[in-house]
Amino acid sequence: MSKQFDVVVIGGGPGGYIAAIRAAQLGMNVACIDEWKNAAGGPAPGGTCTNVGCIPSKALLQSSEHFEHANKHFADHGISTGKVTMDVAKMVGRKDAVVKQNNDGILYLFKKNKVSFFHGRGSFVKAAEGGYEIKVAGAAEETLVAKQVIVATGSNARALPGVAFDEEHILSNDGALRIGAVPKKLGVIGSGVIGLEMGSVWRRLGADVTVLEGLPTFLGAVDEQIAKEAKKAFDKQGLKVELGVKIGEIKAGKKGVSVAYTNAKGEAASLDVDKLIVSIGRVPNTIGLNAEAVGLQLGDRGEIVVDGDCKTNLPGVWAVGDVVRGPMLAHKAEEEGVAVAERIAGQHGHVNFNTIPWVIYTSPEIAWVGRTEQQLKADGVKYKAGTFPFLANGRARALGDTTGMVKFLADAATDEILGVHIVGPMASELISEAVVAMEFKASAEDIARICHAHPSLSEATKEAALAVDKRTLNF
Ligand SMILES: Cc1cc2nc3c(=O)[nH]c(=O)nc-3n(C[C@H](O)[C@H](O)[C@H](O)COP(=O)(O)OP(=O)(O)OC[C@H]3O[C@@H](n4cnc5c(N)ncnc54)[C@H](O)[C@@H]3O)c2cc1C
């Protein structure tokens, strides 16, 4: 006997679970299917983000940052600790507990919002009754029918061709988040967000970390001035990044992993490490969805093809998050989930791709919204730039972290903010002011005229806005 719903969401990551909750808030009868299992085989909704992505990585970043502070910076405050040690098993256990709190939180939210949750794999069976029949293969098999289906099946880590993840020596993000002891030598292939964050965790805990990057520039998507400042800080910390390499043969044995590569000068080189994290991007996931059964169109990268409104080629079938085009970010997935639920309800859900913030949670943190200086040049836009260093910010001095700067880019004629780029302490939090400002089409002068609390890091944001007009007060 099939169960009827207004909306069935396949995938319970940030795209899927948020879409399900919003649809339920709008009065629809909603089911959400998610197959992620915790260690005991029970449901673990929240997807990559909650289980092996955003949340656990930030838990480990926090623990390792505390460790680094205790080891290197407490003494500056007059605190002596003696030898500081790290119990890696306890740190990983804490991370697992944080993940579980989030899994449980989502199950609670489903109950609160009357979303029916099904633990198992959801797959299309056929078009039926003016909608779609979806099979759930889990502990108990179920058949669901709905007129509207939202696919939010996420993404998987991309492996190097011919080099499968064994999660023991060659690690995806999953294995990188549960290394049991600090490796002496750790290799990372790919200096993107995940590579830098994971590399930072284990470097802080004492690993000798080398990051190999194929591209000739460091953090090519980041504003060049900001990326340079970040690179200086990483160099100082001892996080080695080699750019412009070409990866050759990778051999994994009992003793570790050997990576042959050609360096930027074209010379043969090799890197021997205990463990290797491969973080070269992610691929959209439609495994087991049985998209063919209903003729759901996939693109060249395996992504579900959607239009600007997240509509697929099939009436009533939508797709959101990592499984579609656009940045693979949890908050982008959430925004799309909300917008689709609202569109199904006849509202005008909207996602502004120009104001999606990006954050790299290293130390210093890197965060930005809008266009970079190199993009504005390429687009032929006339702009004014203003920067303010944390070195001249009282709160940063009190914190003992004066690395980095805030940078504003504003239209030369109208002063509208076109991009804000931050490298420094709490950049992840500071960037939201810039996102709000850009969403409201504010000018740099608007920010410069707003009262910011003193002493606070946000004063650097105000000062960078003042710098656009060459009138900083504290630098
Ligand atoms: C290490 C790491 C750190 C990250 N850090 C950040 C960060 O700090 N900030 C940020 O914004 N983003 C971060 N991301 C990216 C973020 O995790 C993704 O963008 C986000 O999870 C995408 O959400 P989603 O809902 O599209 O897919 P996912 O989170 O991947 O969720 C998809 C869900 O669908 C389930 N599923 C798939 N197929 C089926 C099926 N057929 N039936 C039932 N269930 C199915 C999966 O099991 C999974 O639970 C990080 C990623 C990684 C790997």
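Just to be sure before I move on: is Asp223 touching a residue at least 60 places away in the same chain (Cβ under 8 Å) and in the same structural domain as Thr210 (by TED's automatic domain parsing) in the structure I sent?
Details: touching a residue at least 60 places away in the same chain (Cβ under 8 Å): yes; in the same structural domain as Thr210 (by TED's automatic domain parsing): yes.
Against the criterion (touching a residue at least 60 places away in the same chain (Cβ under 8 Å) and in the same structural domain as Thr210 (by TED's automatic domain parsing)), Asp223 qualifies.
Starting from residues that are in contact (Cβ under 8 Å) with a residue 40 or more places away in the chain and outside any helix (DSSP H, G or I), keep the ones in region 433-457 and report whichever is surrounded by the fewest Cβ atoms within 10 Å (Cβ to Cβ). Even if it seems obvious, please write down each step before you answer.
If we filter region 433-457 for residues that are in contact (Cβ under 8 Å) with a residue 40 or more places away in the chain, which is where we start, we get 434-435, 438-439, 444, 454-457.
Narrowing further to those that are outside any helix (DSSP H, G or I): 454-457.
Values: His454: 10, Pro455: 14, Ser456: 16, Leu457: 23.
Looking at residues that are in contact (Cβ under 8 Å) with a residue 40 or more places away in the chain and outside any helix (DSSP H, G or I), I get His454.
Of all residues in region 405-429, how many are of a type in the set (Gly, Ala, Ser) and more than 15 Å from Ser456 (Cα to Cα)?
From region 405-429, those of a type in the set (Gly, Ala, Ser) are 410, 412-413, 419, 424, 427-428; that's our starting set.
Imposing the further condition that a residue be more than 15 Å from Ser456 (Cα to Cα) reduces the set to 410, 412-413, 419.
Result for region 405-429: 4.
For region 212-250, enumerate the residues that are in a strand (DSSP E or B) and closer than 18 Å to Glu365 by Cα. Write out each step before concluding.
Step one: of region 212-250, the residues in a strand (DSSP E or B) are 212, 240-242, 246-250.
Correct list: Lys240, Val241.
Could you tell me whether Val369 is in the same structural domain as Lys72 (by TED's automatic domain parsing) and under 30 Å from Val283 (Cα atoms)?
On the way: in the same structural domain as Lys72 (by TED's automatic domain parsing): no; under 30 Å from Val283 (Cα atoms): yes.
Taking the combined requirement at face value, the residue does not satisfy it.
Considering only region 1-83, give the helices (runs of 4 or more DSSP H) lying wholly within it that have at least 2 residues that are crowded, with 17+ Cβ neighbours inside 10 Å and either free of Cβ contacts under 8 Å to residues at least 12 places away in the same chain or more than 16 Å from the ligand (Cβ to nearest atom) (or both). Give the steps one after another, and end with the answer.
Details: elements: 14-25, 47-52, 54-68.
Once the helices (runs of 4 or more DSSP H) in region 1-83 are filtered for at least 2 residues that are crowded, with 17+ Cβ neighbours inside 10 Å and either free of Cβ contacts under 8 Å to residues at least 12 places away in the same chain or more than 16 Å from the ligand (Cβ to nearest atom) (or both), what remains is 54-68.
Looking at (1) touching a His at 6+ places or on another chain (Cβ under 8 Å); (2) surrounded by fewer than 20 Cβ atoms within 10 Å (Cβ to Cβ), can you tell me which one Trp368 breaks?
(2)
Within region 177-193, which residues are under 22 Å from the mean Cα position of the chain (by Cα) and either surrounded by fewer than 24 Cβ atoms within 10 Å (Cβ to Cβ) or more than 20 Å from Tyr261 (Cβ to Cβ) (or both)?
Correct list: Leu177, Arg178, Ile179, Gly190, Gly192, Val193.
For Ser363, indicate whether it is surrounded by fewer than 17 Cβ atoms within 10 Å (Cβ to Cβ) and within 16 Å of the ligand (Cβ to nearest atom).
Working: surrounded by fewer than 17 Cβ atoms within 10 Å (Cβ to Cβ): no; within 16 Å of the ligand (Cβ to nearest atom): yes.
The answer is no for Ser363.
Would you be able to tell me the number of residues in region 317-342 that are surrounded by fewer than 19 Cβ atoms within 10 Å (Cβ to Cβ) and either touching a Gly at 6+ places or on another chain (Cβ under 6 Å) or not assigned by TED's automatic domain parsing to the domain that holds Gly299 (or both)?
1
The values are calculated or read from the model by the stated rules, or taken from the named source; none is laboratory data. Just so it is clear, the structure is predicted and the values come from calculations on it, not from any experiment. No Cβ is skipped: glycine too gets one built from the backbone with ideal geometry, and neighbour counts run over all protein chains shown.
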